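Engineer: The structure follows.
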Amino acid sequence: MIKVLIVDDSAFIRKVIKDILEIDKEIEVVGLARNGKEALEKIPILNPDVITLDIEMPVMDGIETLREIVNKYKIPVIMLSSLTTEGADLTLKALEIGAVDFVQKPKNVFNVSSEIKQDLLIEKIKIVSKSNLKIDDKISGGKAIYKRELKISKTKYDKESFDAIVAIGTSTGGPRALQQVIPKIPKDINAAIVIVQHMPPGFTKSLANRLDTLSHIKVKEGEDGEKLMRGCCYIAPGDFHMSVIQKNRDYIVRLDKNPPISGLRPAADILMESVSKLNNINKLGIILTGMGSDGAKGIVEMKKANSYIIAEDEKSCIVFGMPKSAINTGSVDLVLPLDKIGDEIINRVGV
């Protein structure tokens, strides 16, 4: 039985979330709290397996409460986030501090029961209850579990052209993982980077802005029709599939609203399958932490196109679902701890 503590200043939302979770026989709501102070008093008594935590609350808000939980306990936290720009920024901050995942709160509180995706919330509760929180942000001494060699060819290039495209797919735990990978990349990297991070609209923009402030390379949301540039990183906007097409010697971003893949839009499979079709370019595919199996089909196609494939190892993943599915395809060349992946990108594509 998964024990859950619900923390929200709205009695109505507390009740709705409790009713949703208790539909599932594997979940038990062991307590409710109106604010962070009350939650911190109840945690040692109730010993929950998962905490759902509202961000905006009186007495003690979600960010301050989260810091206390992260410092004192190894309990996974799912944030309840508003759809505003400020809400997205605060959610990113919460994920940086140590929240495992988040769920959107509807704009209209009276639509909460219909707008919160019940199956998704229950699935997230189950998966984060098994998540790996014993992770040091400064993991050191990690070694490759196994490794195949693939030579990257070099050509002459100018400031705009590049010899490689790096395609990254990630989900749960991804924002923190990306903060350990992208800021390591030097501005003169001989590549363009494209990323699918499973997030709703607005949240991907906040993620791109945050990574941009931390990184040597330019990080932004991908825009339909724009040309990939050397030393730039493009994140798929929430609710859009992102792909890359080739026009003569240029590589162009394409966004579309085609149906979700296994409930996901953007989907890493779409991005990676498009990269696999590109010519005259070295290709590097990377699968980071995340629930589900998105990216597994994509890296198989990339491998068929002579790409080099890297997966994050289980020990450093918050959730090992996506990397595990990728590894199980037999198409992964290298399995690495998170803190080694940025260095391996540089080694593979050069500067």
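The values are calculated or read from the model by the stated rules, or taken from the named source; none is laboratory data. Just so we're clear, the structure is a prediction, and the values are computed from it rather than from any experiment. We place every Cβ from the backbone using ideal geometry, glycine too, and count neighbours over all the protein chains shown. Note: accessible area is taken over every heavy atom of the protein model, side chains too, but ligands, DNA and RNA are not part of it. Shrake-Rupley method; radii C 1.70, N 1.55, O 1.52, S 1.80 Å.
Engineer: Pairs, please: C-beta under 7 Å, at least 6 apart or cross-chain, first residue under 19 Å from Glu123 (Cβ atoms) and free of Cβ contacts under 8 Å to residues at least 24 places away in the same chain and in segment 1-15, second part of a strand (DSSP E or B) and open to solvent by less than 60 Å² (accessible area, probe 1.4 Å)?
Structural biologist: none
Engineer: Looking only at segment 50-90, how many residues end up being in contact (Cβ under 8 Å) with a residue 40 or more places away in the chain and charged (D, E, K, R)?
Structural biologist: 4
A quick yes/no check of all residues on (1) over 24 Å from His241 (Cβ atoms); (2) surrounded by fewer than 24 Cβ atoms within 10 Å (Cβ to Cβ); (3) acidic (Asp, Glu); (4) under 14 Å from the mean Cα position of the chain (by Cα):
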{"residue": "Gly292", "(1), (2), (3), (4)": "no, yes, no, yes"}
{"residue": "Ala296", "(1), (2), (3), (4)": "no, no, no, no"}
{"residue": "Lys304", "(1), (2), (3), (4)": "no, yes, no, no"}
{"residue": "Ser307", "(1), (2), (3), (4)": "no, no, no, no"}
{"residue": "Ile310", "(1), (2), (3), (4)": "no, no, no, no"}
{"residue": "Pro323", "(1), (2), (3), (4)": "no, no, no, yes"}
{"residue": "Val335", "(1), (2), (3), (4)": "yes, yes, no, no"}
{"residue": "Leu338", "(1), (2), (3), (4)": "yes, no, no, yes"}
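Engineer: What about Asp136, is it assigned to a loop (DSSP other than H, G, I, E, B), modelled with pLDDT under 85 and acidic (Asp, Glu)?
Structural biologist: yes
Engineer: Among (1) free of Cβ contacts under 8 Å to residues at least 40 places away in the same chain; (2) under 26 Å from Ile346 (Cα atoms), there is one condition Asp239 misses while meeting the rest; what is its number?
Structural biologist: Every listed condition holds for Asp239 apart from (2).
Engineer: From (1) surrounded by fewer than 24 Cβ atoms within 10 Å (Cβ to Cβ); (2) touching a strand residue (DSSP E or B) at 6+ places or on another chain (Cβ under 9 Å); (3) assigned to a helix (DSSP H, G or I), pick out the condition that doesn't hold for Gly342.
Structural biologist: (2)
Engineer: Are any residues in segment 290-331 part of a loop (DSSP other than H, G, I, E, B) and without any contact (Cβ under 8 Å) to a residue 24 or more places away in the chain, and if so, which ones?
Structural biologist: Gly330
Engineer: If I filter segment 275-282 for residues that are basic (Lys, Arg) and under 15 Å from the mean Cα position of the chain (by Cα), do I get at least one hit?
Structural biologist: Scanning segment 275-282, I find no residue that is basic (Lys, Arg) and under 15 Å from the mean Cα position of the chain (by Cα), so the answer is no.
Engineer: Counting only residues that are under 12 Å from the mean Cα position of the chain (by Cα) and not in a helix (DSSP H, G or I), how many does segment 171-188 have?
Structural biologist: Count: 3.
Engineer: While we're on this one: Please determine whether any residue of segment 161-174 is at pLDDT below 90 and either open to solvent by 80 Å² or more (accessible area, probe 1.4 Å) or not β-branched (Val, Ile, Thr) (or both).
Structural biologist: Yes, that holds for at least one residue.
Engineer: Would you mind stating whether Ile261 is of a type in the set (Val, Ile, Thr) and in contact with a His (Cβ under 6 Å, 6 or more places away or on another chain)?
Structural biologist: The answer is no for Ile261.
Engineer: When you scan segment 22-131 for helices (runs of 4 or more DSSP H) that lie fully inside it, which ones turn up with 3 or more residues that are modelled with pLDDT of 95 or more and open to solvent by 70 Å² or more (accessible area, probe 1.4 Å)?
Structural biologist: 36-46
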